[in-house]
Amino acid sequence: MRLNGKTALITGGSSGLGAAMSRRFVAEGASVVIADIDDANGEALAAELGDKASYIHLDVTKEADWAAAFAGIETVDCVINNAGITTAGNIEQVTLEQFRHEFEIDVVGVFLGCKYAVAAMKERGGSIINMSSLAGIKATADLVAYNGAKAAVAIMTKSIAAHCGKSGYGIRCNSIHPGVIRTPILDKVLAQVPNPDEVYAGWVAVHPIGRIGTPEEIAAIAVYLASDESGFTTGAEFRIDGGSSI
């Protein structure tokens, strides 16, 4: 029960990494607010998890949704900015509309989540966890928009950590950088390419550990960052990537 008594808001919480974190956080004693635009899956997951979980509709690109979300939470100890998309394509293929859409969700959404989290937690402290990616550290030719967005999340996390530390808020802000993880978003990426089997095999090959990761392995590091165990940890990049950044 490492998170006993804590309340966490998790965006993109109804599936993939978000669902794994929601389940693990409840198992560790936390109350979880599952925030998503997928109302059916979000409500179903909240019902599955019982009294410790609730669901709210939250479009991370809309400030009004963020304001409403925090207005409905009495106290919050952890905010996980997990909602995101992955746009496949190189600089010649990605359109301006696609690029802006990627940044609107993966960067603007994280910015708003951090802004409201800081306002809510600065009197009592807490933990902000931003989901970046190995793609925010290591470039790939065919992920120009995603590389840019996740790199922005990584450096923005450090800026927020520095500000909260300098201000004496007791708020820690860290980023998680997964390698390739088997989630629904991975299936969406594979659906965008003409050779999915070849792409999948290539992903496995770049991980020295010999496989891709699981959502539960990302949830484990999120528990650490949300817990009091990580009290001396802020502005850090946690690479959970099977060794692919070696």
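The values are calculated or read from the model by the stated rules, or taken from the named source; none is laboratory data. What you are looking at is a predicted structure, and each value in this text was computed from that prediction instead of being measured. Neighbour counts run over all protein chains shown; Cβ positions are idealised from the backbone, glycine included. Remember, those area values only see protein heavy atoms, side chains included, never the ligands or the DNA or RNA. Shrake-Rupley method; radii C 1.70, N 1.55, O 1.52, S 1.80 Å.
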Given just the C-alpha atoms of region 1-100, how large is their convex hull per residue in cubic angstrom? 109
Using the heavy atoms of the protein chains and a 1.4 angstrom probe, tell me the accessible area per residue for the chain in square angstrom. 46
Listed residues Glu92, Glu237 arranged by accessible area, highest first, probe 1.4 Å: Glu92, Glu237
Using only helices, what value at 222 nm comes out for the chain when you add -39,500 (n - 2.57) per DSSP H run of length 4 or more and divide by the total residues, to the nearest 500 deg cm²/dmol? -13500 deg cm²/dmol
Grab the eigenvalues of the alpha-carbon gyration tensor for region 99-246, scale each by 5, take roots, and send me the semi-axes largest first in whole angstrom. 29, 17, 12
With only alpha-carbon pairs counted, each pair once and no self-pairs, how large is the Kirkwood hydrodynamic radius of region 156-234 in angstroms? 15.0
Explain nothing, just compute: Karplus ³J(HN,Hα) = 6.51 cos²θ - 1.76 cosθ + 1.60, θ = phi - 60°, for every residue of region 21-38 in order, whole Hz, x for Gly and Pro. 5, 4, 4, 5, 5, 5, 4, 8, x, 7, 8, 10, 9, 7, 10, 6, 9, 8
Could you tell me which of the pairs Lys122/Lys150; Lys6/Lys138; Lys52/Lys138; Lys62/Lys150 are separated by over 30 angstrom between their Cα atoms in the structure shown? Lys6/Lys138; Lys52/Lys138
DSSP-assigned coil residues among GluC sites (Glu not before Pro) in region 94-163, each with at most 15 further Cβ atoms within 10 Å: Glu123
